[in-house]
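Working notes for the structure below.
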Amino acid sequence: MQKHGATVERRSLGFLKYVIPTYYVLAFAEASSNLGRFDGIRYGIRKQDQPSLKSLYTSTRKKGFGVEVKRRIMLGTFVLSSGYYDQYYGRALQVRAWMEKQVALLFEEFDFILGPVSPFPAFKLGEKNKDPLAMYLADICSVLANLTRTPAISIPGRPTSDGLPVGLQLMGRRFEEHLSPVHISEPTRPETISYAVFCSTTTSTYTSPFYSSPLALYPTRIRTQYLASYT
């Protein structure tokens, strides 16, 4: 990008440290609510160990859901319970609305937000199965789009020196598909496209309060001006 005349300015996205707790409070709550219909009567498999309605419900949900789904249902039920709804779910909704405004401010200055899908390369299959928190923290870069309802796409990036795949995600404004990075390569008219790049893996680092290892989580501004005269 710099070869095409890009200029770089570094910024700080302070709200990134709230992404993981906010996202998973909302995701668990919604999972608990949405999966309540799978009771063996209306939806889902039907299992019954004892001839009672309680057994029908408990057996169906015990055998029909895996470990991770049960974990999300239990935690989601807790944050939606009386006495904790406003403390967890209600506050998470407020934080999400605040983060939406922060991203909207970014898009007033930038055309796209570019960053990795994950803060680290792919890990071995099953390596983090016993540590669900580590699995959740791997989503710190990608769930920003989900939380702020921002259109995003994942594209292949340059592999690491070990040959591990690295994914890049590109986020843009809602309902502005016509403003595409593809347009900058079309010889139609001079263009100015700006990118906010975060979660780079080469320079500064940001230590997440939810993770023991430093994560490279700093944004960079790149503005490229195409001043050539096209015919």
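The values are calculated or read from the model by the stated rules, or taken from the named source; none is laboratory data. Because the structure is predicted, anything quoted here is derived from the model rather than measured. All Cβ positions, even for glycine, are placed from backbone atoms using ideal geometry, and neighbour counts span all protein chains on display.
A few remarks follow.
- Taking (1) touching a Ser or Thr at 6+ places or on another chain (Cβ under 8 Å); (2) β-branched (Val, Ile, Thr); (3) farther than 23 Å from ILE20 by Cβ in turn, VAL95 satisfies each apart from (3).
- Selection status of LEU75, over 19 Å from the mean Cα position of the chain (by Cα) and either surrounded by 13 or more Cβ atoms within 10 Å (Cβ to Cβ) or on the phi < 0 side of the Ramachandran plot (or both): yes
- Among the conditions (1) within 29 Å of VAL79 (Cβ to Cβ); (2) at pLDDT below 85, the only one that LYS124 does not satisfy is (1).
- Test for VAL117: is it farther than 30 Å from ARG37 by Cα, surrounded by fewer than 18 Cβ atoms within 10 Å (Cβ to Cβ) and either touching a Ser or Thr at 6+ places or on another chain (Cβ under 7 Å) or not aromatic (Phe, Trp, Tyr) (or both): no
- Taking each residue of segment 147-158 that is surrounded by 10 or more Cβ atoms within 10 Å (Cβ to Cβ) and looking for partners that are hydroxyl-bearing (Ser, Thr, Tyr) and in a loop (DSSP other than H, G, I, E, B) with beta-carbon atoms closer than 9 Å, six or more apart or interchain, yields ALA152/SER142; SER154/SER142.
- Residue count for segment 80-124, restricted to those that are in a helix (DSSP H, G or I), closer than 28 Å to PRO151 by Cα and of a type outside the set (D, E, K, R): 16
- Pairs linking a residue in segment 49-64 that is charged (D, E, K, R) to a residue that is assigned to a loop (DSSP other than H, G, I, E, B), with Cβ atoms under 6 Å and 6 or more positions apart or on different chains, are LYS63/LYS47.
- Cβ-Cβ under 6 Å pairs, at least 6 apart or on other chains, segment 1-29 side outside any strand (DSSP E or B), far side at pLDDT below 85 and among the polar types (S, T, N, Q): HIS4/THR224; GLY5/THR224; GLY5/GLN225; ALA6/THR224
- Among the residues making up segment 33-72, those that are under 26 Å from the mean Cα position of the chain (by Cα) and surrounded by 13 or more Cβ atoms within 10 Å (Cβ to Cβ) are SER33, LEU35, GLY36, PHE65, VAL69, LYS70, ARG71, ARG72.
- Residue count for segment 48-66 satisfying the condition of being closer than 20 Å to ASN34 by Cβ and assigned to a loop (DSSP other than H, G, I, E, B): 2.
- Given (1) in contact with a helix residue (DSSP H, G or I) (Cβ under 8 Å, 6 or more places away or on another chain); (2) surrounded by fewer than 18 Cβ atoms within 10 Å (Cβ to Cβ); (3) of a type outside the set (Val, Ile, Thr); (4) under 15 Å from ILE20 (Cβ atoms), index of the condition TYR84 fails: (4)
- Criterion violated by MET171 - all others in (1) within 28 Å of ARG71 (Cβ to Cβ); (2) hydrophobic (A, V, I, L, M, F, W, C); (3) in contact with a helix residue (DSSP H, G or I) (Cβ under 6 Å, 6 or more places away or on another chain) satisfied: (1)
- The set of residues in segment 155-167 that are in contact with a Leu (Cβ under 7 Å, 6 or more places away or on another chain) and not hydrophobic (A, V, I, L, M, F, W, C) contains only GLY157.
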